[in-house]
Amino acid sequence: MASITLTVTPFRNDQEVRKLIELAYSNAIEDKREAINKINELEARISQLPMGLGSLKHILKIEIIRSEQEEQNRTDENSALQYACAVAVLKFVDAVSAPYRVHHSRLSYRNIAKQVDLPGHIISLRHDIAHHHELPSLYDLLAAVDFSKQWLRKNCLDDLVETMALFSQGSYSELLEIIARETVQAYVDARLN
């Protein structure tokens, strides 16, 4: 039985979420900058952003740094880009695991990764960043950042759009009907057990 959790978000409607996604996943650097500005605006509206938006902001900053370095033909291994990627990977894994760690503080990152369909090499990278003296290669970090961005789209942002659309399109009665049906079903199940 599916459960519905109502959450306060900084978004006014699903169109605002769609616009943010359009900007963030555009190839144009100016769109990425605008997406960062929109995330900053959202952060001003509510103290805690929905999962992954903070990570997305770091990923967009990396894409901007990467583009600027490519324009200047300089991509050295120990660059600001490498450090920014390391921070983004840490923030991504921590953001994804935070909801699980609230209730199960002893749950390992590897176990959480299995539950949310994160590959083990992302967790290994996070471990290397946090506990080793040298950062992983820029190539590995960039691959992890690219994966993280796609994972956020698939597992967070698209779901957020669907949820927001329920409320934005005036489907309150449908939602209330679903909640009522699930509440009655839960009551019946509890009485039978």
Exercise for the section: Write out, first by first residue and then by second, each pair whose Cβ atoms fall under 8 Å of each other, whose residues are 6+ apart or on separate chains, and whose first residue, in region 121-137, is surrounded by 16 or more Cβ atoms within 10 Å (Cβ to Cβ) while the second is small (Gly, Ala, Ser). Expected result: Ile122/Ala113; Ile122/Ala144; Ile122/Ser148; Ile123/Ala113; Leu125/Ala144; Ile129/Ala86; Leu135/Ala86; Pro136/Ala86
Completion exercise
Scanning region 10-38 residue by residue, those surrounded by fewer than 13 Cβ atoms within 10 Å (Cβ to Cβ) and of a type in the set (A, V, I, L, M) turn out to be Ala28
Practice task
Identify all residues within region 39-53 that are crowded, with 18+ Cβ neighbours inside 10 Å and either of a type in the set (Phe, Trp, Tyr) or not in a loop (DSSP other than H, G, I, E, B) (or both); write none if there are none.
Solution key: Ile39, Leu42, Leu53
Problem - Given (1) modelled with pLDDT of 90 or more; (2) under 12 Å from the mean Cα position of the chain (by Cα), index of the condition Ala143 fails - result: (2)
Exercise for the section: Taking Lys32 as meeting all but one of (1) in contact with a Leu (Cβ under 8 Å, 6 or more places away or on another chain); (2) touching a residue at least 40 places away in the same chain (Cβ under 8 Å); (3) not aliphatic (A, V, I, L, M), write down the number of the exception. Expected result: (2)
Problem - Every residue from region 25-46 that is in contact with an Asp or Glu (Cβ under 8 Å, 6 or more places away or on another chain) and within 15 Å of Lys149 (Cα to Cα) - result: Lys32
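Hey, among the residues in region 79-115 that are among the small types (Gly, Ala, Ser) and assigned to a helix (DSSP H, G or I), which one's surrounded by the most Cβ atoms within 10 Å (Cβ to Cβ)? Lay out the reasoning, then the answer.
Step one: of region 79-115, the residues among the small types (Gly, Ala, Ser) are 79-80, 84, 86, 88, 95, 97-98, 105, 108, 113.
Keeping just the survivors that are assigned to a helix (DSSP H, G or I) gives 80, 84, 86, 88, 95, 97-98, 113.
Working: Ala80: 12, Ala84: 20, Ala86: 21, Ala88: 27, Ala95: 21, Ser97: 22, Ala98: 11, Ala113: 21.
By that ranking, first place goes to Ala88.
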Problem - Number of the exception - Glu77 against (1) at pLDDT 90 or above; (2) under 28 Å from Ala28 (Cβ atoms) - result: (1)
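The values are calculated or read from the model by the stated rules, or taken from the named source; none is laboratory data. Quick caveat, the model's predicted, so the values are computed rather than measured. Methodologically, a virtual Cβ is constructed for each residue, glycine included, from the backbone with ideal geometry; neighbour enumeration extends over all protein chains shown.
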